[in-house]
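The values are calculated or read from the model by the stated rules, or taken from the named source; none is laboratory data. Note that the structure is a prediction, hence the values are computed from the model and not measured. Methodologically, a virtual Cβ is constructed for each residue, glycine included, from the backbone with ideal geometry; neighbour enumeration extends over all protein chains shown. Keep in mind that these areas ignore ligands, DNA and RNA; they rest on the heavy atoms of the full protein, side chains included. Shrake-Rupley method; radii C 1.70, N 1.55, O 1.52, S 1.80 Å.
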Amino acid sequence: MNWKERLKHDLEPVLASADPRGRLSAYHDMPYSIFHYPPDVEFDLRSELDLLATRLENAGKRVTRISLAECLFSAIAAEGYSAQDMLENEPVTGVQTMVDTIHSILESSHPLVDLVAAKLPADQSPTKDVVLLNRTGALFPVYRSHALLEQMKGRLNVPAVLFYPGELDGPTGLSFMGALDPDPNYRPRIF
């Protein structure tokens, strides 16, 4: 089944249900799942997410979309840099230094988990809210998304889906952008 069919026929009915948490995850403290898709369909996925959000809202859900790219750029800007600054400095500092710098910003100075949590509804309702975390590819190769999901435990109490550009490897393994070695330890359900 291709990614569009999985989105429409597998994931959407779960998100539209009265209380999606039990079908999204087997863990009560992790009411979220991962939807994997080929990295080369990013723009098509964004269009489909617009349609999905509209359908869910028409079904009575409050949809919050959180762009991890916007969170990344916000963290960089808070450090006094722009994405353009990073691009211009990378040839001088080297790729690994740039990766390490951005990773440090997202882990310590302006933790990605805090930036994401700040965008969650203040009055989270497990039966009303759905959170869609997208633009995950912007984190490549500086931040592994499983770290974000682990840190969201206890902070995210509503159904959520991380849209993951990568390849499925076995039942619980994912390869970020299809480029990194598969991480076989994803605990959330993978659609």
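A few comments on the model shown:
- Against the list (1) in contact (Cβ under 8 Å) with a residue 40 or more places away in the chain; (2) at positive phi; (3) not charged (D, E, K, R), the condition residue 80 fails is (1).
- Criterion violated by residue 166 - all others in (1) surrounded by fewer than 21 Cβ atoms within 10 Å (Cβ to Cβ); (2) touching a Gly at 6+ places or on another chain (Cβ under 6 Å) satisfied: (1)
- Residue count for region 130-141, restricted to those that are of a type in the set (A, V, I, L, M, F, W, C), touching a residue at least 60 places away in the same chain (Cβ under 8 Å) and under 20 Å from residue 97 (Cα atoms): 2.
- Test: residue in region 93-114 that is surrounded by 14 or more Cβ atoms within 10 Å (Cβ to Cβ), within 15 Å of the chain's Cα centre (by Cα) and within 15 Å of residue 162 (Cβ to Cβ): yes
- The residues in region 22-71 that are without any contact (Cβ under 8 Å) to a residue 40 or more places away in the chain and among the small types (Gly, Ala, Ser) can be counted, and the count is 2.
- Any chance residue 161 is surrounded by 15 or more Cβ atoms within 10 Å (Cβ to Cβ), under 17 Å from the mean Cα position of the chain (by Cα), within 23 Å of residue 40 (Cβ to Cβ) and of a type in the set (Val, Ile, Thr): yes
- For region 19-28, filtering for residues that are surrounded by 22 or more Cβ atoms within 10 Å (Cβ to Cβ) and either assigned to a loop (DSSP other than H, G, I, E, B) or charged (D, E, K, R) (or both) leaves 1.
- Residue tally, condition farther than 19 Å from residue 52 by Cβ and either in a strand (DSSP E or B) or not aliphatic (A, V, I, L, M) (or both), over region 134-173: 20
- Restricting region 29-64 to residues that are assigned to a loop (DSSP other than H, G, I, E, B) and more than 30 Å from residue 141 (Cα to Cα), the residue that is least open to solvent (accessible area, probe 1.4 Å): 61
- Of the set (1) exposed (fewer than 15 other Cβ atoms within 10 Å of the Cβ); (2) farther than 27 Å from residue 191 by Cβ; (3) out of contact with any His (no Cβ under 7 Å at 6 or more places or on another chain), all apply to residue 86 but (1).
- Identity of the residue in region 4-58, among the β-branched types (Val, Ile, Thr) and under 24 Å from residue 148 (Cα atoms), that ends up modelled with the lowest pLDDT: 34
- Of the set (1) assigned to a loop (DSSP other than H, G, I, E, B); (2) over 22 Å from residue 138 (Cβ atoms), all apply to residue 81 but (2).
- When residue 73 is tested against (1) among the aromatic types (Phe, Trp, Tyr); (2) out of contact with any Phe, Trp or Tyr (no Cβ under 8 Å at 6 or more places or on another chain); (3) open to solvent by less than 70 Å² (accessible area, probe 1.4 Å), just one condition goes unmet, and that condition is (3).
- Among the candidates 137, 154, the residue that is within 20 Å of residue 76 (Cα to Cα) and open to solvent by 10 Å² or more (accessible area, probe 1.4 Å) is uniquely 137.
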